[in-house]
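Notes for the one structure printed next.
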Amino acid sequence: MPLNQRKFYIETYGCQMNFADSEIVNSIMIDNGMQPVHKAEEADIIFLNTCSIRENAETRVWNRLKEFRGLKRQKKNDLIVGVLGCMAERVRERFLEKEKLVDIVVGPDAYRDIPNLISEVSDGRKAVNVLLSQEETYADIAPVRTTGNGVTAFVSIMRGCDNMCSFCVVPFTRGRERSRPWQSIQDELKQLSDQGYRDVTLLGQNVNSYHDNGVHFADLMYKASQVDPEMRIRFSTSHPKDFPNDLLHVIAEQPNLCSYIHIPAQSGNSEILERMRRPYTREEYLELIATMRELIPGVSLSTDIITGFCGETDEQHAETLSLMQTVKYDLAYMFAYSERDRTLAQRKYSDNIPEAVKKQRLAEVISLQQSVQEVNNRAEIGTRHLVLAEGSSKRSDDQLFGRTDTNKVVIFDRKNFDVNQYVDVEITGSTSATLFAEPVKVSSIAEFFGTTVTV
Ligand code: SAH
Ligand code: SF4
Ligand code: F3S
């Protein structure tokens, strides 16, 4: 079948970076004449964009692939199934040889090659490209957005990771760190603004190490803030090492740079942090948090936590709980440690915490975090926030949901308000996950924060 008669479907797992990548693949496929469809059953080509971060992320993909076996039989093997993303790098032999569930395997730096690979796959032949690159940033490819409702968008600003945290597989699946040229990021932001997007998240595994011809992340954020004073800019993820004060200043000064920082601690114990190869101590981390709160009053913070890392004692786990109690994060992503092949932790330490203990500790951090969020959110009642309406609430079309500058989800009655409008709201109720509000009036960043962006 010629390329331009084919229909494709992409299913995405893993982090925001993978979702952004799927939009790049979407663009490459459409440029080559293929048509996107929304159901696997309707497609001639099914891609799973996969994640390797923990065992269960991979298990989900294996199970999904097995479900496609039946479809393949029905379509008499005319159906092409492809694995993209982080698992491609790790388990390509198993995909192709042992399980025979997959026809194409494409690593995260080889997406430009997808049309060639599709042409190569015929008569049951397989095609693979998992080469990692030192340069590829897909800077010139305009993503075809499938997420975000025309309101929110992700923009990749760098790829890969050189940090080599001892537990983490990402440096192996995504290769060396590289930054995308700042002009191409600025151009993409301009386009998004012209298309009406109002909330953009800049993505990288460690945005603090962004650099392009003397432009560092704080400079990039400043440039991003100037593109459209009514377009909000967020970012993810920052690493606690070398977190620069000038970044905090620029966030504090520019009203469209959101007062929200995802700053993963991973653990509250310095010895565990050292074993994780996270180059900061508990004390240094807490100092950084204090500086953030001093320089950006009211800043909202979130974290990632791993429980049951190699050799973690009850006392060390208790230090993670006490760190969370001290910082009082507004949001946390919490995981039980899952050993990954090739990582330093796998080679050097024993994965010796029983699964039940990892899970018990995970349950404890989740329960603590929930009570912290309940208290944090209750304290918001009576305050005013500028919410960008992103869509109808899950429960009812009569309600809109959106997020505050501080990344909290707010639900309010739709009344005459519209999606993609900034609404000035008063918070009237809360749960640990959501704020409820009374909408007051349509507003804008300039009006609400009472300042204009300095040009
Ligand atoms: N670059 C980001 C993290 C990306 S991975 C950063 O450094 O902050 C997202 C999160 O998954 C990590 O922060 C960590 O908490 C978790 N994670 C990574 N590897 C893991 C593993 N082997 N087991 C459990 N959780 C893991
Ligand atoms: Fe993994 Fe560490 Fe890189 Fe994050 S910074 S992607 S945790 S190696
Ligand atoms: Fe998963 Fe790869 Fe992201 S391993 S978390 S999809 S970088």
field: Rounded to whole Hz, the Karplus (6.51, -1.76, 1.60) HN-Hα couplings of the range 135-141, x for glycine and proline
entry: 10, 4, 10, 6, 4, 8, 9
- request: Positive end of the charge dipole of the range 348-405 (Lys, Arg +1 and Asp, Glu -1 on Cβ, about the Cα centre): tell me which of LEU386, GLN370, ASN352 has its Cα farthest that way.
  value: ASN352
- request: Give the residue from VAL410, ASN149, VAL169 lying farthest towards the positive end of the charge dipole for the chain; charges sit on Cβ (+1 for Lys and Arg, -1 for Asp and Glu) and the dipole is referred to the Cα centre.
  value: VAL169
message: Kirkwood Rh and Cα-based Rg: tell me the resulting Rg over Rh for the chain, rounded to two decimals.
response: 0.97
Accessible area in square angstrom per residue, the chain, 1.4 angstrom probe: 43
field: Dipole magnitude of the chain about its Cα centre (Cβ charges: Lys, Arg +1; Asp, Glu -1), debye to nearest 20
entry: 1400
query: Residues with beta-carbon under 11 Å from that of THR12, excluding THR12: net charge, scoring Lys, Arg +1 and Asp, Glu -1?
result: -3
Under the Karplus curve 6.51 cos²θ - 1.76 cosθ + 1.60, θ = phi - 60°, whole-Hz ³J(HN,Hα) for the range 318-334, x wherever Gly or Pro sits: 4, 5, 5, 4, 6, 4, 5, 5, 6, 6, 6, 4, 7, 7, 8, 9, 10
- prompt: Once label points are set 7 Å from the Cα along Cα→Cβ at both ARG414 and THR313, what is their separation, rounded to one decimal in nm?
  reply: 5.8
query: For the range 224-238, list residues with backbone N below 15 Å from a point placed 7 Å from the Cα of SER444 toward its Cβ?
result: 227-232
query: So what is the 222 nm mean residue ellipticity for the chain from helices alone, if each DSSP H run of at least 4 adds -39500 (n - 2.57) and you divide by all residues, rounding to the nearest 500 deg cm²/dmol?
result: -10000 deg cm²/dmol
query: How big is the C-alpha Rg of the range 152-376 next to the rule-of-thumb value 2.2 N^0.38 Å, as a ratio?
result: 1.06
task: Please work out the FRET efficiency for the pair GLN399 and GLN370, using the Cβ-Cβ distance as r and a Förster radius of 25 Å; give the result to the nearest 0.05.
output: 0.60
message: I'd like the Karplus ³J(HN,Hα) series for the range 225-241: coefficients 6.51, -1.76, 1.60, θ = phi - 60°, whole numbers in Hz, and an x wherever there's a Gly or Pro.
response: 5, 8, 5, 8, x, 9, 9, 6, 10, 10, 8, 6, 10, 10, 9, x, 6
query: Near HIS211, within a Cβ-to-Cβ distance under 13 Å, what is the net charge of the other residues, with Lys and Arg +1 and Asp and Glu -1?
result: -3
- request: List every residue whose amide H lies under 5 Å from the amide H of GLY85, counting only residues 5 or more places away in sequence or on a different chain, with H placed 1.01 Å from N in the peptide plane.
  value: THR50, VAL106
message: Straight-line reach from LYS75: which aspartates and glutamates fall under 16 Å, measuring Cα to Cα and dropping same-chain residues less than 8 apart?
response: GLU41, GLU42, ASP44, GLU67, ASP103, ASP123
task: Take peptides 83-93, 317-327, 349-359, 364-374 and line them up by average Cβ neighbours within 10 Å, highest first, as a rough protection proxy.
output: 83-93, 317-327, 364-374, 349-359
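The values are calculated or read from the model by the stated rules, or taken from the named source; none is laboratory data. Just so it is clear, the model here is predicted, and its values are computed rather than measured. Cβ atoms come from the backbone with ideal geometry, glycine included; neighbour counts cover every protein chain shown. The area values use the complete protein model at the heavy-atom level, side chains included, leaving out ligands, DNA and RNA. Shrake-Rupley method; radii C 1.70, N 1.55, O 1.52, S 1.80 Å.
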